[in-house]
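A.B. asks: This is the structure I want to talk about, given as structure tokens.
The values are calculated or read from the model by the stated rules, or taken from the named source; none is laboratory data. Since this is a predicted model, take the numbers as computed values, not measurements. Note: ideal-geometry Cβ built from the backbone for every residue, glycine included; neighbour counts use all protein chains shown.
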Amino acid sequence: MVLRHSIPVGHANSVLIQDTLSGTSGLRFKIAVKHPAFISLQDVGNPTKIVYFPVESGKTYKLDFDGSAFSFEEPGQDAQRFYTAIPRYGHPQMEAHSYTGDTDPVLIRAKLDSVRALQMAPFDSLLKARKISPEMFDLIAADRECNVLSVMAQVGVLLRSEEIQAAAFEDFSPDSDRMLSALGYFDLMDAFASLKLMERREEIMPLVQSGQINTLLIDEYKKALTGERLESTFAYQWRFAAIQRQYEKELIPLYEEFKLTYPNSPYLSAMKGYYEEICAFHAPKSLSDDIQFMTDTEGISTMEELLSRFAGKKLYVDVWATWCGPCKEEFVNEKSLHELLESKGYEMLYLSVDKEEADVQWRDMVAYYQLRGHHIRAGVALINDLQRLYDANGGMAIPWNMIVDTHGSIVQLHAPRPSDPVALSTALDTVD
């Protein structure tokens, strides 16, 4: 199995820098930390299997992983065991749904504080019994306080209440190390900056429409933060945008500004590769003769109409979008996919479900990834038909692949992906 772990940077809980560790029955590794901090450990083969836990300098921690969950059973690891027992919801907005029944900020905060008190009770006992250091206790306490504020801010987002959002930050001091090590620190600062932007939404709307949202958020961080707080949030916001692979042009000058301001930053090693990729995306490029954008497609409202244009041809269809990360991960297989399809007499049809305003981004992305084949960006009617085909209830998940025969019939509605070439090759052979 392959495990991935995060590395704390300074006081900050960093998800920016990761190592991949290979092991079988046992694995041992060291992490240098000056202050108590959180790290994560994840099963790369099953990313949902992940654990977050606090560590401090000079201590050894033992985890068991049985293939389904991580656990701490060693004596002296009570703090880790209690922390991993706290329910995790991913983004704070998921947890916020449990509190949208109230609209009074005081009641919402009281309920969140009550839950936090229950979560902290085991650590209170450990501190009294001197089984946990005051520094470790403070780390966990700050993390839980950060969670309260993050969830309350997201309740305000869900209820569209700026009053509740503002109440979350009523006594919040952003430029403090207090919560910098908390797991939810960056989500909290994103909510804080977003609220500030909402307060002047009419003023900033032209910048948002011109693709400057990351610049605006980072500008808010600059107003509220200094030192390590600003460095870490700047880096996190930049990389969070970069990993979506939307290749926003604004990220190029932002990276260059970051590098100039923090030339020795430990975050640069986690940003450089994405910066080079974004620069390559925006470099001049030419289309291969094998890339064909379909014309006169406005009237195509069903898959049957679309596929009728390819009568007599076997097709492998890829439904994707420029905003879909997993879709773009599949594109690394383009060369081997093209060879496989050519050997079996198939042609490639890429069907984008991007909106009209993303037309330029769609064409640029096709050119960047050199996606050989036929290309169409679906209109509203065709997207509706795709949703009907995928799920009677109107749902649709992408990337989504189909196999079509020479009569224009979909013979496999959910075909294997390019990343599974053995299964895909077998599936392609089912069509004469």
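A.B. asks: Take the conditions closer than 17 Å to Met294 by Cα and touching a residue at least 12 places away in the same chain (Cβ under 8 Å) and apply them to Met348. Does it pass?
C.D. replies: yes
A.B. asks: Would you pick out the residues in the stretch 306-320 that are surrounded by fewer than 21 Cβ atoms within 10 Å (Cβ to Cβ) and touching a residue at least 60 places away in the same chain (Cβ under 8 Å)?
C.D. replies: Hits for the stretch 306-320 are Ser308, Phe310, Ala311, Gly312, Lys313, Lys314.
A.B. asks: Also, I was wondering about something else. Any residue in the stretch 387-398 that's in the same structural domain as Ser301 (by TED's automatic domain parsing): show its pairings with residues that are assigned to a loop (DSSP other than H, G, I, E, B) at Cβ separation under 6 Å, as long as the two are six or more apart or on different chains.
C.D. replies: Gln387/Gly394; Gln387/Met396; Tyr390/Met396; Ile398/Cys324
A.B. asks: If you don't mind, another one. If you take the residues of the stretch 368-393 that are more than 17 Å from Lys249 (Cβ to Cβ) and in contact with a Phe, Trp or Tyr (Cβ under 6 Å, 6 or more places away or on another chain), which of them is surrounded by the most Cβ atoms within 10 Å (Cβ to Cβ)?
C.D. replies: Arg377
A.B. asks: Touching a strand residue (DSSP E or B) at 6+ places or on another chain (Cβ under 6 Å) and assigned to a helix (DSSP H, G or I), is that true of Leu341?
C.D. replies: Spelling it out, Leu341 is indeed touching a strand residue (DSSP E or B) at 6+ places or on another chain (Cβ under 6 Å) and assigned to a helix (DSSP H, G or I).
A.B. asks: Against the condition surrounded by fewer than 17 Cβ atoms within 10 Å (Cβ to Cβ), of a type in the set (Val, Ile, Thr) and touching a residue at least 12 places away in the same chain (Cβ under 8 Å), how does Thr226 come out, does it pass?
C.D. replies: So Thr226 passes the test.
A.B. asks: Do the conditions hold for Glu357, that is, is it within 26 Å of Ser286 (Cβ to Cβ) and assigned to a strand (DSSP E or B)?
C.D. replies: Working: within 26 Å of Ser286 (Cβ to Cβ): yes; assigned to a strand (DSSP E or B): no.
No.
A.B. asks: Considering only the stretch 173-201, how many residues are touching a Ser or Thr at 6+ places or on another chain (Cβ under 6 Å), at pLDDT 90 or above and not in a helix (DSSP H, G or I)?
C.D. replies: So the count comes out to 1.
A.B. asks: Sticking with this one: If you scan the stretch 240-295, which residues turn out to be closer than 27 Å to Arg372 by Cα and touching a strand residue (DSSP E or B) at 6+ places or on another chain (Cβ under 9 Å)?
C.D. replies: Leu287, Asp290, Ile291, Gln292, Phe293, Met294
A.B. asks: Could I ask something else about it? Note down all Cβ pairs under 8 Å where the first residue falls in the stretch 399-410 and is among the aromatic types (Phe, Trp, Tyr), the second is assigned to a loop (DSSP other than H, G, I, E, B), and they're at least six residues apart or on different chains.
C.D. replies: These pairs meet every condition: Trp400/His414.
A.B. asks: Go through Met365, Met396, Met348 for me and flag whichever is in a strand (DSSP E or B) and either touching a Phe, Trp or Tyr at 6+ places or on another chain (Cβ under 8 Å) or among the acidic types (Asp, Glu) (or both). Show your work before the answer.
C.D. replies: Values: Met365 fails: in a strand (DSSP E or B); Met396 fails: in a strand (DSSP E or B).
Of the residues listed, the single one that is in a strand (DSSP E or B) and either touching a Phe, Trp or Tyr at 6+ places or on another chain (Cβ under 8 Å) or among the acidic types (Asp, Glu) (or both) is Met348.
A.B. asks: Go over the candidates Ser269, Ser343, Ser301 one by one and state the one that is in contact (Cβ under 8 Å) with a residue 40 or more places away in the chain, hydroxyl-bearing (Ser, Thr, Tyr) and out of contact with any helix residue (DSSP H, G or I) (no Cβ under 7 Å at 6 or more places or on another chain).
C.D. replies: Ser269
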